[in-house]
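The values are calculated or read from the model by the stated rules, or taken from the named source; none is laboratory data. Here the structure is a predicted model, which is why all the values come from computation and not from measurement. With ideal geometry, Cβ positions are generated from the backbone for all residues, glycine too; neighbour counts draw on all protein chains shown.
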Amino acid sequence: MLNKNKNEGTLVKRIVMSLVLGSLLGLNAATLEENQKMCEKDDLIACINLVPNTVKELKKLEVDNQADGMSKFYNLVAKLTKLSDKECKNNNKKACTLHTKYKKSLSGLPAAFVVDGLVSGEERNVVLKRKFKERADGLFDVMQGSFSELDVTLRKMPFTGDYLEYTTNILGEQATVKTFFTKKSNQLYAVVVTWNSSNIEGALNFSKNVEEELEKKYGKAKRESIDLPYISHIIRKPNKRASITLSSLMEGMFSFTVNLIYIDTKYQKIHELEKKIKETTKKL
């Protein structure tokens, strides 16, 4: 189950309390379906009206579907933050009050990204129980590894560090999923999904399929200029904290990979800080 700590619960309550202020803006009496359509057209009041129902639906979800539910909730609050900021710049003081509350709450919510049911900010033991086979002795069957500076240089990975790995089927093809956790607090800050191909045509075609799925969910993204070993490289930032990179690389004459990299910058910063503190402590 998702990590439901006290601070997280307080943040959710804070957002719901903001709805009281939202009523000062003149909440409408539209139906849920009408509010959904108006929210898609960037109507602030309609989006505010969706929050209670989104929270209500989230509480009903089964464990396996909670990741998508939290992601939906995060994206709604992210949109509210953006829309209230826009209204605030139009000298709407009540919207300014809302924007401050939404922005503060947004920074602490989980689900800046979600992939294969993995939610950024999830605790390591939660991921272990959901994604890895538990043995009779209480330990888990896991593959472990580490990205080194060589991976950063040759394979263009955006960070170094230890990971836990499992295999699964994503988009109809076998994939390896590497999960990265903060150094001390053990919270998920990055996920790397990798598909292998023996030829460049296969890698490019599959990369195109992955991009089509990402485009449906997050909209179009600008392609980056590339040099070898890249054969394609696309970066998108669906919200303030999340970074999603899709890249195809040539790793050998008959070895190509398609990599989908998710990073939550909030937890990545926590990881870097905890790593620095640990390294400093070792020197004392």
> Would the range 199-215 turn up any residue that is crowded, with 16+ Cβ neighbours inside 10 Å, over 19 Å from the mean Cα position of the chain (by Cα), among the aromatic types (Phe, Trp, Tyr) and outside any loop (DSSP other than H, G, I, E, B)?
Replying inline: yes
> Identify, please: which residue in the range 93-152 is assigned by TED's automatic domain parsing to the domain that holds Leu83 and without any contact (Cβ under 8 Å) to a residue 12 or more places away in the chain and is, among those, farthest from Val77 (Cα to Cα)?
Replying inline: Lys93
> Somewhere in the range 251-261, is a residue part of a strand (DSSP E or B), at pLDDT below 85 and aliphatic (A, V, I, L, M)?
Replying inline: no
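Please find, within the range 245-266, the residue that is farthest from the chain's Cα centre (by Cα) out of those that are among the aliphatic types (A, V, I, L, M) and under 18 Å from Tyr163 (Cα atoms). Lay out the reasoning, then the answer.
The initial filter retains those residues of the range 245-266 that are among the aliphatic types (A, V, I, L, M), namely 246, 249-250, 253, 258, 260-261, 263.
Cutting the leftovers down to under 18 Å from Tyr163 (Cα atoms) gives us 260-261, 263.
Values: Leu260: 12, Ile261: 10, Ile263: 7 Å.
By that ranking, first place goes to Leu260.
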> Any idea how many residues of the range 8-52 are at pLDDT below 85 and part of a loop (DSSP other than H, G, I, E, B)?
Replying inline: 6
> Any chance the range 136-146 includes a residue that's under 23 Å from Ser247 (Cα atoms) and either aromatic (Phe, Trp, Tyr) or part of a helix (DSSP H, G or I) (or both)?
Replying inline: no
> Can you find a residue in the range 227-242 that is assigned to a strand (DSSP E or B), modelled with pLDDT under 90, closer than 30 Å to Val126 by Cα and out of contact with any helix residue (DSSP H, G or I) (no Cβ under 8 Å at 6 or more places or on another chain)?
Replying inline: yes
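Filter the range 159-208 for residues that are of a type in the set (A, V, I, L, M) and touching a residue at least 24 places away in the same chain (Cβ under 8 Å) and give the result.
Answer for the range 159-208, where residues must be of a type in the set (A, V, I, L, M) and touching a residue at least 24 places away in the same chain (Cβ under 8 Å): Leu164, Ile170, Leu171, Val177, Leu188, Ala190, Val191, Val192, Val193, Ile200, Ala203, Leu204.
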> Which members of the range 148-175 meet the condition of being over 21 Å from Tyr267 (Cβ atoms), at pLDDT 90 or above and buried (at least 16 other Cβ atoms within 10 Å of the Cβ)?
Replying inline: Ile170, Ala175
